[in-house]
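K.L.:
Got a structure here, written out as structure tokens. Questions coming.
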Amino acid sequence: MTAPSNSAPSSVSPASSQDSQAERARALRDTLGQFATGVTVVTTLDAAGQPVGMTVNSFNSVSLDPALILWSIDRGSLSYSAFTECERFVVHVLKGDQQHVSNLFAGRGADKFGQVKWHRGAEGIPQLDDCAALFHCRRAQNIAGGDHTILLGEVLEFSAAGGEPLVFHRGRYRALAGE
């Protein structure tokens, strides 16, 4: 059981002007940042058969039977059409020492796959080497969600190598506390 906090939670009321809407968006982002997440990289092939990948922390399990996961992509993402139109994708759960991989795939424009070890997995989908876990998925459904699209994936294959995961909390990478 945890002791009650002495400080009152901060809150933001509905915005009434452009400036306050921007402030509200920043405050919402900061508040959402209180939730620690794992870090993943999702990969697929674009329409021309070229590898595409991006860092994602919106990954979550949905169902064990059938085996379903979800993640979301910003509608303004350069790889939006590759992921929302692909048949298959792979979710890579990053290890604690793979911050450089997260940063690489979070950026735009660089030859991301030229800077990491990877190979073509099932259906030719790019698969990064040495990750904590992998989920090979068939895209089952796209669901509109505000400025993002939620991708529901049917898990076809999965594997876990283990290791400490890469964690993101309050805008920074974190390490898990020892047991």
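Nothing in this text is a laboratory measurement; each read-out follows from the coordinates by a stated rule. Computed from a prediction, not measured in an experiment: that's the story for all the values here. Neighbour counts are summed over all protein chains in view; Cβ atoms, including those assigned to glycine, are modelled from backbone coordinates with ideal geometry.
K.L.:
Would a scan of the stretch 101-109 turn up a residue that is aromatic (Phe, Trp, Tyr), within 13 Å of the chain's Cα centre (by Cα) and not in a strand (DSSP E or B)?
P.N.:
For the stretch 101-109, residues aromatic (Phe, Trp, Tyr), within 13 Å of the chain's Cα centre (by Cα) and not in a strand (DSSP E or B): present.
K.L.:
Restricting attention to the stretch 59-100, and to residues there that are surrounded by 20 or more Cβ atoms within 10 Å (Cβ to Cβ) and in a helix (DSSP H, G or I), which single residue is nearest to the chain's Cα centre (by Cα)?
P.N.:
Phe83
K.L.:
Suppose we filter Thr40, Thr55 for residues that are surrounded by 16 or more Cβ atoms within 10 Å (Cβ to Cβ), over 16 Å from Gly153 (Cβ atoms), touching a residue at least 24 places away in the same chain (Cβ under 8 Å) and β-branched (Val, Ile, Thr); which single one remains?
P.N.:
Thr55
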